[in-house]
Amino acid sequence: MTSLRSAVGEARATLTAAGVPTPRPDALLLAAHALGCDRGEVERRMLLGADLDEAGARRLRALVEERAARVPLQHLTGTAPFRRLELHVGPGVFVPRPETEQAVDHVLAAIAGLEAPVVVDLCTGSGALALGVADEAPGAEVTAVELSELAVAWAARNIEATGLPVRLVAADATADPATVPELAELVGRVDVVVSNPPYIPVGMVPLEPEVAEHDPEVALYGGSADGLAIPLAVAAAAARLLHPGGLLVMEHADSQGESLPRALAATGDWADATDHTDLAGRPRTTTARRA
C-alpha cells in the first residue's frame with residue numbers, strides 16, 4: 001500500500017520531467033480515472049490521508065507512463081469536457097479544445113429569440129459544436145456534417161450518449177450541399193453555420209506532440225500554405241446553406257485573424273466579416289453575414 005498523496009505526487013513529478021504542460025491537473029485526472037471516481041473525490045481522499053492499493057497504483061503508473069510519452073490525456077481517460085458536456089474521444093478524432101467553446105456563444109447569440117432556428121455544424125469531428133448548441137438551445141434543428149469515417153463513429157457515439165437531437169450526415173463539408181441528398185433540403189434556409197475546419201498551414205507542424213502525433217491530419221491541415229484553402233471551401237458550402245443575413249461562425253488559427261476575414265470579404269458572399277479573440281486575447285473566431 002502507498003498513500004494516494006505520494007502516488008499523485010510521484011505522477012506529477014514524472015509528468016513535469018516529461019514536459020507535460022499541466023502536470024498537476026493531469027496527475028489528478030489520471031488518478032481519478034484509475035480509481036473510477038472524479039477529481040474532486042481524489043482530492044478529498046488525499047486530504048483524508050487515504051491509501052492506494054497495489055492494483056490502483058499499477059493502473060496509475062501505466063497511465064502516467066503513457067501520458068509522459070505525450071499520449072493525449074483525453075485519449076487515456078476516453079473523454080473530453082466541452083461546455084456542459086463530457087464527450088467520448090480517442091484515436092481518429094480531433095480532441096475539442098476549451099477555446100472552441102466560444103463559437104457556441106456566437107451561435108447562441110445569433111439564434112436567440114428565433115423559433116426553431118436551423119443550425120449546421122460543418123466538420124463536426126466529435127460532434128462538439130453541434131451537441132453544444134443542441135444542449136443549450138433545445139428548440140434548434142441541428143445538423144452535423146463530417147467526412148472522416150472514424151470521426152463520424154465518434155460523433156454518432158456522442159449523439160447517442162447525450163441523447164441530444166442532432167442529425168449526423170456523413171459527407172464532405174466542402175461539397176456543394178445541393179449535391180448531398182441529406183443537405184439539399186437545407187439550402188438557403190439555415191440561420192447559422194458553425195465550423196472548426198482544418199486550418200493549420202501545410203508544412204507547419206504543431207509544436208505539441210499531443211497534436212502533431214495524435215490528432216488526425218485530416219482535422220488539422222488547411223490544404224494550402226496559408227491554411228485557408230479548406231476553410232474557404234467550407235465557407236463556400238456555408239454560403240449555399242445560409243439564407244441572406246444568416247451567420248457564419250468559423251474558428252481559425254491565431255495567425256489568421258486578419259487573413260480569414262479579408263479572404264471571406266473578397267469572395268463577395270459575405271458582409272460584416274469580423275474577428276473575435278479568445279479568452280487569452282488571441283484571434284480565434286471569425287463571424288460573417290451571408291450577403
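The values are calculated or read from the model by the stated rules, or taken from the named source; none is laboratory data. Nothing here was measured: the structure is a model prediction, and the numbers come from that model. Backbone-built Cβ (ideal geometry, glycine too); neighbour counts: all protein chains shown. Quick note on the areas: whole protein, heavy atoms, side chains included, nothing else; ligands and nucleic acids left out. Shrake-Rupley method; radii C 1.70, N 1.55, O 1.52, S 1.80 Å.
Taking only alpha carbon atoms, the range 42-83 gives an Rg to Rh ratio of 1.06, where Rh is the Kirkwood radius.
Taken over the range 177-291, the convex hull of the Cα atoms encloses 110 Å³ per residue.
Listed peptides 222-235, 121-134, 265-278 appear in the order 121-134, 222-235, 265-278 once ranked by packing, highest mean of other Cβ atoms within 10 Å at the front.
The range 62-121 and the range 195-267 have Cα centres separated by 17 Å.
May I ask you to order 71-78, 101-108, 193-200 by the average number of other C-beta atoms within 10 Å around their residues, highest value first?
Details: 71-78: 18.6, 101-108: 20.5, 193-200: 25.8.
Sorting 71-78, 101-108, 193-200 by mean packing, highest first, produces 193-200, 101-108, 71-78.
Please give the per residue accessible area of the chain, computed with a probe of 1.4 Å over protein heavy atoms only, in Å².
Working: 12940 Å² over 291 residues.
About 44 Å² of surface per residue is accessible.
Evaluate 2.2 N^0.38 Å with N set to the residue count of the range 132-172, then give the Cα radius of gyration divided by it. Working shown, then result.
On the way: Rg = 10.2 Å, N = 41, 2.2 N^0.38 = 9.0 Å.
Dividing the Cα Rg of the range 132-172 by 2.2 N^0.38 Å gives 1.13.
Counting every alpha-carbon pair across the chain, the share separated by more than 31 Å comes to 33%. Over the range 91-183, the fraction of Cα-Cα pairs per 10 Å bin, rounded to whole percents and listed from the shortest bin up, is 17, 50, 31, 2. Shown here is the pair-distance distribution of the range 1-149: with all Cα-Cα distances grouped in 10 Å bins from zero up to the longest one, the shares run 11, 33, 25, 19, 10, 1 percent. Sparsely packed loop sites in the range 136-210 (the trypsin sites (Lys or Arg not before Pro) outside DSSP H, G, I, E and B with at most 15 other Cβ atoms within 10 Å) comprise ARG189.
Computed over the Cα atoms of the range 197-249, pair by distinct pair, the Kirkwood hydrodynamic radius stands at 12.1 angstrom.
Ordering MET1, MET46 by accessible surface, largest first, gives MET1, MET46; the 1.4 Å probe counts only protein heavy atoms, with every chain in place. Taking Cα centre as origin and charging only the Cβ of basic (Lys, Arg, +1) and acidic (Asp, Glu, -1) residues, the dipole magnitude of the chain rounds to 540 debye.
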